[in-house]
Amino acid sequence: MALGDLPSGEEKRVRVREMFDRIAPRYDALNRVMSVGMDQRWRRRALDKIAVGPGDLVVDLACGTGDFCGLVEERGAEVIGVDFALRMLKQGRSRGLDSRSVQGDGEWLPFRSGSVDVVTCGFALRNFVSLGGVMNQIARILKPGGRAALIDVDRPTWGPVRVAHSLYFDRIIPLVGGLVSDRKAYRYLPQSTAYLPPPDQLREMMSAAGFLEVGRESLFLGSAQILTGVRGPLAPLGGALS
């Protein structure tokens, strides 16, 4: 689907929030299907890349039902999950995680500037209305030298792999999702990759927000990606405080 055919602005914000509220009860299981069981391995890889451990205060942005939060807790770090879909947060709390969670939007994070060590975000970049604004907010709440690791899907570039990936991601996922959860939501999720800027532009957005050492790792033959960065001393500090 072309970007012009997808919702934008406030319509996107409302529709995405409503969609994730609807699919919350089966979201974990379908995440495993969508990633061929690799999503938790990719999250661990992201945490390894930015060396999350004891003493870190981590904010997991668009935390969903708490997959990243649970993995952060296992490493002895403190984590606060943020998501704007209330039912996702409730579903996460039912898992018995010790982490705190708060309902909020990535464009207006309810944390003081320079107050956290790490920000993570798993498979949500394409769901934000203003990705540049979210990057600025992530940089704002991080301490100088704080780290960020952002995961999202991608599209393979090599022909045969791209064809196979498209068959699975664009045809099979919506079919399975429609059978066990929400047909409209699992049609939207593959289509929403159109919101993602190209890799070079994603890195430029992080740099513009004030990140140094910006890196990108391609995963699983190009079907996913991890973006990492270190907040520089001159990162933007504007925005609301908690």
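Derivation of every value follows stated rules applied to the coordinates shown; laboratory data play no part. Predicted, not measured: the structure shown is a model, and the values here were computed from it. Reconstructed Cβ throughout: ideal geometry from the backbone, glycine too, with neighbour counts over all protein chains shown.
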With θ set to phi - 60° and the Karplus curve 6.51 cos²θ - 1.76 cosθ + 1.60, what are the ³J(HN,Hα) couplings of segment 50-61 in order, to the nearest whole Hz, using x for Gly and Pro? 10, 6, 6, x, x, x, 7, 9, 10, 9, 9, 7
Go through segment 18-102 and name the trypsin sites (Lys or Arg not before Pro) that are in a DSSP coil and have 15 or fewer other Cβ atoms within 10 Å of their Cβ. Arg95
Among residues other than Val163 whose Cβ falls under 13 Å from its Cβ, what is the net charge (Lys/Arg +1, Asp/Glu -1)? +2
Using square roots of five times the C-alpha gyration tensor eigenvalues, list the equivalent-ellipsoid semi-axes of the chain in whole Å, biggest first. 26, 20, 18
One finds, for Arg162 and Leu212 with R0 = 30 angstrom and r their Cβ-Cβ distance, a FRET efficiency to the nearest 0.05 of 0.40
Find how many whole Å separate the alpha carbon centroid of segment 169-199 from the alpha carbon centroid of segment 62-78. 25 Å
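Please compute the contact order of segment 70-161 in relative form: average sequence separation of alpha-carbon pairs under 8 Å and at least six residues apart, divided by the residue count, as a percent. Kindly include the intermediate steps, with their values, before the conclusion.
Details: 104 pairs, mean separation 23.7, N = 92.
So the answer I get is 26 percent.
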Write down the Kirkwood hydrodynamic radius of segment 106-157, to one decimal in angstroms, obtained as one divided by the mean of 1/r over all alpha carbon pairs. 11.7 Å
Per DSSP helix of 4 or more residues, -39500 (n - 2.57); summed, then divided by the residues of the chain. What does that give at 222 nm, rounded to the nearest 500? -11500 deg cm²/dmol
Going residue by residue through segment 108-123, the Karplus relation 6.51 cos²θ - 1.76 cosθ + 1.60 with θ = phi - 60° gives ³J(HN,Hα) values, rounded to whole Hz and with x marking Gly or Pro, of 9, 6, x, 9, 5, 4, x, 10, 10, 8, 9, 10, 10, 7, x, 6
Quickly work out the Gln103-to-Ala29 label distance, labels modelled 7 Å from Cα along the C-beta direction, and quote it in nm with one decimal. 2.6 nm
Note on the chain, DSSP bridge orientation, antiparallel percent to nearest 5 equals 40 percent
